[in-house]
Every structure is written in C-alpha cells, then in structure tokens.
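Structure first, then comments.
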Amino acid sequence: MDETKIIVLPSVLIDQIAAGEVVENPTSVVKELIDNAIDAGAKRITVEIEGAGLAVLRVIDDGKGMSPTDAPNALLRHATSKIRTQNDLSKISTMGFRGEALPSIASVSKLTLVTRRPEDDFGTEVSVKDGVVTAKPCAAPVGTTVTVLDLFYNTPARLKFQSSERSIMGQLNDLMGRFALAFPQLHLTMVAKRTLDYPPCSNIKDRAAQVYGAALGANLYQVHDERNGVEVFGVIGDPSVSRLNSSRIHLILNNRQIQDNVLRRAILNAYSVLLSAGQFPVAILSITLDPSEVDVNVHPRKTEVRFADIDLVARAVYHAVSKTVTKTPWLQQSKPSYSDEPPKLVQDGFGVRELFEFPGEQQTDLFSSELAQPSSHGLVESFSALRYKGQVARTVLVCEGKDSLVLIDQHAAHERVNFDRLWQAVENKQVAQEPLMFPEVLGLDPNEIAGLEKSKDLLLSLGLDLEFYSGDSVAIRSIPAIMRGKSAAALVRDCAQAATGSSGTTGIERLHLMVATIACHSSIRAGDALSDDEALTLLKSMDSVKDFAGYCPHGRQAVVVHPISTVLRWFGR
Ligand SMILES: Nc1ncnc2c1ncn2[C@@H]1O[C@H](COP(=O)(O)OP(=O)(O)OP(=O)(O)O)[C@@H](O)[C@H]1O
Ligand SMILES: [Mg+2]
C-alpha cells in the first residue's frame, strides 16, 4: 500500500495559491501593475479595461523599462530588483519588494509583457501561459506594457465570486482616484466604457478638485506640520463637506496608500468639536517618516503597515490637523449653505424610498458640497423679520422668509450669538463676571489641572476665576456672567480638556477655543423645549451678530436656507 500522503505541490499550483493573497480581483491586478509602473519612474500611466478587466486589462507606462535579460526574470517568483539583502527589507522606499505580483498575476491569466529601456534599440516581449515563459525581441516604445487577458480563466472558483461589472468599475474608479491623490504629479488615465483622465497637477488641492469636483476643492485647507521627524502634509475639508463614511480620509505613508485605524482616529479627534459622531471629514494626508521607522512587510497587499512608534505618528497627525482646524479657516470664509436640490430621495410606486446606491460607486450624502449650490437668495437679511413656525425635534427652528424656508439649529445659532458677544466683550475688556456665593470645588486629573493653571490668566480675562488647591482640586470663585444659571463644573471640565489638548497652539487660538467653550456652555441645548417667546428672542439676538456666517464657533452649520421654489420642486410643483 502506498503510504505517501504528503507531496510537494507543483509550482503552477503553488503560484495560484500564492496569487490568492494578492490577486483577488481586477482592481488588485491594476493596483499591482500601477505600483510597478510608479517604481519604474513612470510619469504617464494608462490603464485599458474591457469586460470589467476580466477580459482585457492592460497597463501602459513610460518608465525605465527592463533589459532583455531582466524581462523574463520579472516573471519568476521571488524575483525583484528592489531589494537585495535582509537589511534592505527594513528601509523600503518602493511600492513593491516581494517579487510576487507579476508571477501571481501570470499564474491566473494569459499575460504578456512588452518592455524597452531608453538605451536599447529593441524591446522584449515576454509571455507566459500555463507556467511557461517565452521571450523574443520586438519593436516597442520606451516603457512597459503589461497585458492581462482572461483573468481567472484557470481558477473558476475565483471567477465565480467576482462582483458585477458595475461594482468592479466602481472599485477601479476609486482606485484610480486614490492613486491620483497619492501622486498628483502623475498623468493617470483609465480607458474603459467611460474614460477617466487625471492630467498632472502641481499640488494636492488641485488634484482633489480634479478627483472630487471643484466644489469640494474650494472647501479644502492646507495642512503642514512636522514634529519629531514626522512630516504631515496635505489638505483637510471644511465641516460642511464632511461625509457619513470615512471614504474620503486618505492616508499616504511614504507614498504608499495605507489603512490605519489609529491614525484615522487621530484625525477624527482633531475634528472632534466640529463634527458629531457618525460624521467624517475629508482629509488627504501624506505622512513622511524615516522608512526604517515603519515595517511595510506585514500584509501581502501592503495596505497595512506597522510603526515602530505609532503614538509619535498619531500625535504628529493630530497636531497637524488640529493646527488647521483651530484656525477655523471656514469661519472666515463660511457662508450659509443653500441647497438648490431636493433631498436625495426618489419616488417609487409606494411612496418614498432612499436613493439606491450601487456598491462601490461614490456615495452621495446630504453634507456633500455638490448639493450646496449658492442660490440667488443671498443671506437672510433679518432673522427677527422671519415668520417663526415652530420647533422640530426640540432642536431646529422652522421659519418662513420672504421666499425661503429657513431652518435654524437652536444650539449652534445661540452659540454663535454668545460667542460674538463674549468675543466683543473680551476685545473691549468688559467681560462681566458673576461671583459665586459658595465657591464650587472640583477634582480633576493632574494633566487637566496643569492645563488650567497654564491658562489661569486667560480664563480670568473671560470671567472664570479659579483657585488652585494642593492636590488635584480647583475652586471656582466666579464665572462669566453669560453663564448665569448654567453648570460651572461642566464648563471648567471642558476648559480643562481644551487647555490640555491645546499645547503648541498660539495664545489667540487658545483664547478662541476657550471663548467657544464658554459660548457652548452658556447656550440653549439641542433638546431644550423653547417657548415661542424664547425662540423669537433668539431670532432677534441673531440680528445683533455682525455677519452671521451661518456656522457656530465650532464650525457646525447653524442656518440652512431653501428657496421656496426649490421646496415646491421637491413635490413636483
Ligand atoms: N512596469 C515595470 N517597469 C519596469 N520594471 C518592472 C515593471 N514591472 C515589473 N518590473 C520589474 O519586475 C520585477 C518584478 O515585479 P513584481 O511586481 O513581480 O515584484 P516587485 O514589484 O519587485 O514586488 P511586489 O511583489 O511586492 O510587487 C520588479 O522588481 C521590477 O524590477
Ligand atoms: Mg510589484
């Protein structure tokens, strides 16, 4: 009886198993081939797709090409020009290094590679079928063209689990967009049923406008900071263009697109006062650090990496983003959002259903600026002249203007009013103080106490008089008069947090943050029931704000105006 149960697998099968890790679908093939083109120094990369990439998938680059001897070797497993020794593995600066992509792709398709170096008169054509590599000289332009036909023809199980053509095209569009954002200087084109063309851009902001539309581009602000050897560069979006998912948070580490939850959280934390839970900012951030500080060899698709000191990187990201966020550039430039479009709802035979979203396609949401086109209505001239109709969800005041529907977030609007009043009082050195008859004593953690102590004079100028006791407690002697009747302890807790989180910010930024914190605490909350009189008083006080920008000091939107003509259009009138 034959006892042999264990055999060494034939190399074709080994290649196919390995391909399972990297070559999941047409998108992963295009990703690997573009990676190779970038490593070859290409300036222009064209992708051609037929039949969702399962029939024909071609990537053409104008990079440095390969010599006639190297070209067939590129298709051997573990053959790479990018690393030589174990030492090289610890400082990788190329996209690829595993020497696996081409043989893996070749093992599940019919692959041809045509390549020529600028210094060679002839090019080389290499093709592989069923594991057999053949090479011959040919005429060719400088650069490399890889043609992949009949992807997964010999792995029917993989083929069966491919998504629909629409969904694959969605993924490919998304991939091209992400490469475009990571490499603004490249000319990237995808020729399919619909051609996608990203000519080179001189900066990331222009590139973002190219990929996501000019409306978004106008709402992006530059981020640039360096600390502890970590450079963070890129753009972040105004809160008005935030999204309901994180699809527009892009992290690019040493030119590689990566996924990292800790860094994503650092971005969200920097925005925390601006966005509510479930909202995600637009952020395209390029992080540069010494390659030896990061291990890129932890994931076959190289989308996840391991940092020697993730904390250091997260802190750099947080500070870089919050430096721009605390400057709140959108406050100076903001405008109320005018929506000229109906909500994203469509009618079907049974009433109203949510707009159907195709998987993989760009999602639209109500926060996207594409929907917030300015109308001819201009600003609300007088809030007190609006006809107040009532309160919705104890949060939104519904008003009728001359020919508009005006919705006001009661908390955000009141906060803006209070912010302005306090800011003016600070400028005139006339902040009213309200002494507490019985000083309130509060226990805080040492960091918070230290933060408060550092900001003691600043807080005093805002009417918040604190006395520090030994141990970790602090007594509140007086509060800003604007806070009368509100919880002083909650305010001081938040000021403490603002003070600890704001190291490295300038005096004026800290002042802005503290004034915003006090304004927030002294304002009507979402969820407070308002009498008609209270609502009217709020509307009246909004008139006193010079240039009511429609945003609260935290950047949250306060006023939304819909022209009546638009509202009527929602109902087909
Ligand atoms: N478009 C190209 N232009 C020039 N040389 C290329 C190109 N594509 C591949 N090569 C050469 O072929 C080699 C093998 O490519 P392959 O993608 O299989 O491995 P890799 O890029 O080295 O590593 P990885 O498996 O991580 O992608 C590369 O190291 C490179 O020298
Ligand atoms: Mg590669």
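The values are calculated or read from the model by the stated rules, or taken from the named source; none is laboratory data. Since this is a predicted model, take the numbers as computed values, not measurements. All Cβ positions, glycine included, derive from the backbone under ideal geometry; neighbour counts span all protein chains shown.
Here Lys389 fulfils each of the conditions (1) basic (Lys, Arg); (2) in contact with a strand residue (DSSP E or B) (Cβ under 6 Å, 6 or more places away or on another chain); (3) closer than 30 Å to Ala218 by Cα apart from (3). Exactly one residue out of Thr69, Thr27, Thr46, Thr4 is of a type in the set (Val, Ile, Thr), modelled with pLDDT of 85 or more and more than 13 Å from ligand 1 (Cβ to nearest atom): that is Thr27. One residue alone among Leu436, Leu513, Leu444, Leu491 is surrounded by 15 or more Cβ atoms within 10 Å (Cβ to Cβ) and at pLDDT 85 or above, and that residue is Leu491.
Taken as a whole, the range 235-248 holds at least one residue that is surrounded by 20 or more Cβ atoms within 10 Å (Cβ to Cβ) and closer than 25 Å to Val29 by Cα.
Regarding the range 9-19, can at least one residue be identified that is away from ligand 2 (no atom under 16 Å from the Cβ) and more than 15 Å from Ala106 (Cα to Cα)? Talk me through it step by step, then tell me what you get.
Within the range 9-19, the first condition is being away from ligand 2 (no atom under 16 Å from the Cβ), and the residues that meet it are 9-14, 16-17.
Among the residues that remain, those that are also more than 15 Å from Ala106 (Cα to Cα) are: 9-10.
Yes, there is a match, as at least one residue in the range 9-19 is away from ligand 2 (no atom under 16 Å from the Cβ) and more than 15 Å from Ala106 (Cα to Cα).
Within the range 93-116, restricting attention to residues that are more than 9 Å from ligand 1 (Cβ to nearest atom) and in a loop (DSSP other than H, G, I, E, B), which residue is surrounded by the fewest Cβ atoms within 10 Å (Cβ to Cβ)? Here the answer is Ser93.
Listed here are the helices (runs of 4 or more DSSP H) enclosed by the range 138-219 that have at least 1 residues being under 21 Å from Gly237 (Cα atoms) and not β-branched (Val, Ile, Thr): 165-182, 204-212, 214-217.
Pairs only if they're at least six apart or on different chains, beta carbon under 9 angstrom, first in the range 424-449 and within 20 Å of Ala481 (Cα to Cα), second part of a strand (DSSP E or B) and modelled with pLDDT under 85; list them, first residue then second. Hits for this filter: zero, empty list. Restricting Asp120, Asp130 to those that are away from ligand 2 (no atom under 12 Å from the Cβ), out of contact with any strand residue (DSSP E or B) (no Cβ under 7 Å at 6 or more places or on another chain) and free of Cβ contacts under 8 Å to residues at least 60 places away in the same chain reduces the list to Asp120.
Please tell me if Phe468 is out of contact with any Lys or Arg (no Cβ under 9 Å at 6 or more places or on another chain) and more than 18 Å from His512 (Cα to Cα).
On the way: out of contact with any Lys or Arg (no Cβ under 9 Å at 6 or more places or on another chain): no; more than 18 Å from His512 (Cα to Cα): yes.
Answer is no for this residue.
Residue count for the range 44-71 under the criterion of being more than 17 Å from Leu111 (Cβ to Cβ) and in a helix (DSSP H, G or I): the result is 1. Given the structure, is Ser90 away from ligand 1 (no atom under 15 Å from the Cβ) and within 30 Å of Ala308 (Cβ to Cβ)? Spelling it out, Ser90 is indeed away from ligand 1 (no atom under 15 Å from the Cβ) and within 30 Å of Ala308 (Cβ to Cβ).
On the basis of being more than 21 Å from Leu54 (Cβ to Cβ), at pLDDT 90 or above and within 33 Å of the chain's Cα centre (by Cα), does Leu172 make the cut? Taking the combined requirement at face value, the residue does not satisfy it.
So which of Phe350, Phe383 ends up being farther than 30 Å from Ile249 by Cβ and modelled with pLDDT of 85 or more? Steps first, answer last, please.
Numbers: Phe350 fails: modelled with pLDDT of 85 or more.
Being farther than 30 Å from Ile249 by Cβ and modelled with pLDDT of 85 or more holds for just one of Phe350, Phe383, which is Phe383.
Looking at (1) closer than 21 Å to Glu24 by Cβ; (2) within 15 Å of ligand 2 (Cβ to nearest atom), can you tell me which one Glu50 breaks? The number of the failed condition is (2).
Here's the yes/no breakdown for (1) of a type in the set (Val, Ile, Thr); (2) in contact (Cβ under 8 Å) with a residue 24 or more places away in the chain; (3) under 23 Å from Ala308 (Cα atoms); (4) out of contact with any helix residue (DSSP H, G or I) (no Cβ under 8 Å at 6 or more places or on another chain):
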position	(1), (2), (3), (4)
Ala215	no, yes, no, no
Leu253	no, yes, yes, yes
Tyr271	no, yes, no, no
Leu285	no, yes, yes, no
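Annotation note: Cβ proximity below 6 Å between a residue of the range 82-106 that is under 17 Å from Glu24 (Cα atoms) and a residue that is among the charged types (D, E, K, R) and more than 9 Å from ligand 1 (Cβ to nearest atom) (sequence gap 6+ or interchain) occurs for Pro103/Asp15. Any chance the range 268-288 includes a residue that's in a helix (DSSP H, G or I) and within 30 Å of Asp88 (Cα to Cα)? There is no residue in the range 268-288 that is in a helix (DSSP H, G or I) and within 30 Å of Asp88 (Cα to Cα). Annotation for the range 121-128: at least one member residue is more than 31 Å from the chain's Cα centre (by Cα) and within 11 Å of ligand 1 (Cβ to nearest atom). The residue of the range 72-87 that is surrounded by the fewest Cβ atoms within 10 Å (Cβ to Cβ), among those that are more than 15 Å from ligand 2 (Cβ to nearest atom) and either modelled with pLDDT of 85 or more or not in a loop (DSSP other than H, G, I, E, B) (or both), is Gln86. For the range 30-43, a residue qualifies if it is part of a helix (DSSP H, G or I) and within 11 Å of ligand 1 (Cβ to nearest atom), and the qualifying residues are Lys31, Glu32, Leu33, Ile34, Asp35, Asn36, Ala37, Ile38, Asp39.
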